[in-house]
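Novice: I'd like to ask you about the structure that follows.
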Number of protein chains: 2
Amino acid sequence: MNFEIDKREFIKGLGLMQSVAGRKTTLPILSHILLEWEKNSLYLTGTDLETGICEELIAKINQKGKASVSANKLYEIVKELPEETIHIQKKDNQWITLQCGKSIFNLAGLDPEEFPSLPTYQEENFSTVSARLIREMIEKTAFAASNEESRYHLNGVLFAQSKQGGKEILRMVATDGHRLSLVDRENQKISGIEEKGIIIPKKGILEIKKIIGDRDGEEEMGIYFNATHGFFKMGKSLTVIRLIDGEFPEYEQVVPKGNDKKLVMVKERMVSSLKRVSTMASERMEGVKFSLKKNSMEMSSYHQDFGDAKEEVEMVYEGPPLQVGFNARYLIEALNVIDAEEVVMELKDEGSPGILRPSSFTPGISNQFCIIMPMRL
Amino acid sequence: MNFEIDKREFIKGLGLMQSVAGRKTTLPILSHILLEWEKNSLYLTGTDLETGICEELIAKINQKGKASVSANKLYEIVKELPEETIHIQKKDNQWITLQCGKSIFNLAGLDPEEFPSLPTYQEENFSTVSARLIREMIEKTAFAASNEESRYHLNGVLFAQSKQGGKEILRMVATDGHRLSLVDRENQKISGIEEKGIIIPKKGILEIKKIIGDRDGEEEMGIYFNATHGFFKMGKSLTVIRLIDGEFPEYEQVVPKGNDKKLVMVKERMVSSLKRVSTMASERMEGVKFSLKKNSMEMSSYHQDFGDAKEEVEMVYEGPPLQVGFNARYLIEALNVIDAEEVVMELKDEGSPGILRPSSFTPGISNQFCIIMPMRL
């Protein structure tokens, strides 16, 4: 046998490959994964040419080798195997033979030399950052990126680096043109981020979030950017993402100034009310009307087929009466990523965007806000 | 207010309605449910004209009335409400006003008199049976019914009644022409089942299974059939199902005789092996080849794109060598409904159907078998 591997170890690695391998079916080899075994390791690689993942697994190698087989079929097979040792042998025709217990499988293979190689990198270029911090920042921004393929430059999250008060600040921003979410966190400098920032595609950045998973400890990860790619190292897995080659909008110019009407709302209560009132909003527009008066807000919605809804919520508001419409889902998604029991909403008039911030906002150190464009209702 | 109801009580009833209301969109009122309130009860009715469900809920009635509103929209709204009392008022234009806490909803309604009424029945016609027994029998048969709309008479489960050794036997049978599953259980006679049996549509019978749910106690249900409908009473819900007006095949004639080659297999081990080997079966045919020799069986499969698989399983077999092909999924589904650690498979030759039975089969009292047609591989 060329190598032996424990079923649990193998399935863990194969599971990670499923989200990139086989996404695009234009090139048959992209539905495959590359297996490379030498010394005490099996390396699995999968790619859709935008996101590539390479995973190192513990294996017992008898003779080094390479193979390329269907990512999905191999996963399906290994999933059904008993929790025992799996023996794999490369055959002369690029196929592999997989044997476990009394089961024997012959899997069709392609020439592993044809498998697209991932971009190369140098170990010393990586900056070390907290995995939890990166995951939190992704969660607070990626939802606001656009899913419309035609708006290519908005399909990602901007990573930018700046210096404030002698401290290195990492910023992530995403926008789809209707809303924007920004978060700043103090962090050591990540090498390769140019002044204007780099854009990482939403699909790829969500892959990173998945790989970080629920690791809540103080685990660290390595990040490095070259001119075309981002490299993310987490444990024994490396993810390489092709950067979006486009201009991110001048987002600092759209941050509204002069939003002098401030509301303070209890986040949980606001989210529940929005969920209720938005059941009567139209499916396409999802618009809810907010009517503000002193210390209270009435939310209302109208659906041409089903009827209408309204609800009054008490909140701190000292300004003049104001009516403004927003997309309820955008508001709920923004509220959900703000880590505070109380949220401040800053408004100007019915035609201007609103800003949401945590009420315990401390400028310059841990900054976060969401901007939402208004709707005419 | 016309009536008041607790949110939890309301959502429980509305949940049950979702599977029938709105299934067919040809008639707008079929996406609605009927609400009728009087004395201390709110009655909800939903129907797709084939399956109708009526549910009685506890409510505080101030003035009796009726309304018809969107089943799905009402469910969506109530789901988001706090766990408090919901107040409902019928308006002059057929709409209703729903108020809970600080939320007020106006829901568009249709004339409740236009809601299709469920067939009527007489309380004294119901036979009392064990709900668990009915659920078990449904689980053991309904999977084998056909989903092809063109084979209307095979789209259901046959209920038949017979007398064996002085005991009343209830039988359920389903077949899609490729396999058949039959179960007999001793039970009191259910009124309205003619000698040739009646056919209940698969969708409706699965609704009954859902309503019985996980009630594992000795709970009883009422069943009654008239010439066109089946009536099922469980707790405070009544389900009415239109029977299939067709001829069920002469299934007793297809039960193979002379299957003299008997295998005894350990069910769990056989299911695992089938799952593994079938990963290499073609998606359309799902065929696995069985090669029998003394006390062992080799299962094998071949996929033109991905490769092949084989596995040897030890089992008790005393007959001559034999090769036969079966659809792996049909075998797995049949094995899964046989309540026995050991299953007997009876075969004749490569062109004849196989029979699966529990190995602890006791004729006449608790009978069960599955028949599966062979495949040429």
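The values are calculated or read from the model by the stated rules, or taken from the named source; none is laboratory data. As the structure is a computational prediction, the values presented were derived from the model and not from experiment. Cβ atoms come from the backbone with ideal geometry, glycine included; neighbour counts cover every protein chain shown.
Novice: Being touching a strand residue (DSSP E or B) at 6+ places or on another chain (Cβ under 6 Å) and either surrounded by 18 or more Cβ atoms within 10 Å (Cβ to Cβ) or within 9 Å of another protein chain (Cβ to nearest Cβ) (or both) is the filter here; which residues of the range A:98-110 pass it?
Specialist: The answer is A:L98, A:C100, A:K102, A:S103, A:I104, A:F105, A:N106, A:L107, A:A108, A:G109, A:L110.
Novice: Same structure again: Quick one: count up the residues across the range A:305-344 that are small (G, A, S), out of contact with any Leu (no Cβ under 8 Å at 6 or more places or on another chain) and within 12 Å of chain B (Cβ to nearest Cβ).
Specialist: Going through the range A:305-344 one residue at a time, the tally reaches 1.
Novice: Test A:M280 against the stated conditions and say whether it is under 21 Å from A:L180 (Cβ atoms) and crowded, with 17+ Cβ neighbours inside 10 Å.
Specialist: Judged against the criteria, A:M280 is not a match.
Novice: Still on this structure: Name, by its number, the condition in (1) more than 28 Å from the chain's Cα centre (by Cα); (2) within 14 Å of chain B (Cβ to nearest Cβ); (3) not in a strand (DSSP E or B) that does not hold for A:E283.
Specialist: (1)
Novice: Condition first: away from chain B (no Cβ under 14 Å) and surrounded by fewer than 18 Cβ atoms within 10 Å (Cβ to Cβ). Now tell me which residues in the range A:263-277 satisfy that.
Specialist: A:V264 - this is the single residue of the range A:263-277 that is away from chain B (no Cβ under 14 Å) and surrounded by fewer than 18 Cβ atoms within 10 Å (Cβ to Cβ).
Novice: Filter the range A:6-54 for residues that are β-branched (V, I, T) and surrounded by fewer than 22 Cβ atoms within 10 Å (Cβ to Cβ) and give the result.
Specialist: Residues satisfying the conditions are A:I11, A:T25, A:T26, A:I29.
Novice: Find the strands (runs of 3 or more DSSP E) located wholly in the range B:286-377 whose residues include 2 or more that are within 18 Å of B:L180 (Cβ to Cβ), and list them.
Specialist: B:322-327, B:342-347, B:354-358, B:367-372
Novice: Name the one entry in B:R284, B:R215 that is free of Cβ contacts under 8 Å to residues at least 24 places away in the same chain and among the basic types (K, R).
Specialist: The conditions single out B:R284.
Novice: So is A:A309 at pLDDT 95 or above, touching a His at 6+ places or on another chain (Cβ under 9 Å), not assigned by TED's automatic domain parsing to the domain that holds A:A144 and not hydroxyl-bearing (S, T, Y) or not?
Specialist: yes
Table: residues versus (1) polar (S, T, N, Q); (2) surrounded by fewer than 16 Cβ atoms within 10 Å (Cβ to Cβ); (3) more than 9 Å from every other protein chain (Cβ to nearest Cβ); (4) touching a residue at least 24 places away in the same chain (Cβ under 8 Å).
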{"position": "B:G65", "(1), (2), (3), (4)": "no, no, yes, yes"}
{"position": "B:V69", "(1), (2), (3), (4)": "no, no, no, yes"}
{"position": "B:I88", "(1), (2), (3), (4)": "no, no, yes, yes"}
{"position": "B:P112", "(1), (2), (3), (4)": "no, no, yes, yes"}
{"position": "B:P116", "(1), (2), (3), (4)": "no, yes, yes, yes"}
{"position": "B:T120", "(1), (2), (3), (4)": "yes, yes, yes, no"}
{"position": "B:A131", "(1), (2), (3), (4)": "no, no, yes, yes"}
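Novice: Is it the case that B:N93 is part of a loop (DSSP other than H, G, I, E, B), polar (S, T, N, Q) and not assigned by TED's automatic domain parsing to the domain that holds B:R242?
Specialist: Spelling it out, B:N93 is indeed part of a loop (DSSP other than H, G, I, E, B), polar (S, T, N, Q) and not assigned by TED's automatic domain parsing to the domain that holds B:R242.
Novice: Take the range B:75-86 and flag every residue that is more than 9 Å from chain A (Cβ to nearest Cβ) and out of contact with any Phe, Trp or Tyr (no Cβ under 9 Å at 6 or more places or on another chain).
Specialist: Scanning the range B:75-86 gives B:Y75, B:E83, B:E84, B:T85.
Novice: Condition first: exposed (fewer than 12 other Cβ atoms within 10 Å of the Cβ), of a type in the set (D, E, K, R) and in a loop (DSSP other than H, G, I, E, B). Can you find one or more residues in the range B:254-262 that meet it?
Specialist: Yes: the range B:254-262 contains one or more residues that are exposed (fewer than 12 other Cβ atoms within 10 Å of the Cβ), of a type in the set (D, E, K, R) and in a loop (DSSP other than H, G, I, E, B).
Novice: Would you confirm whether any residue within the range B:294-304 is basic (K, R) and within 14 Å of chain A (Cβ to nearest Cβ)?
Specialist: no
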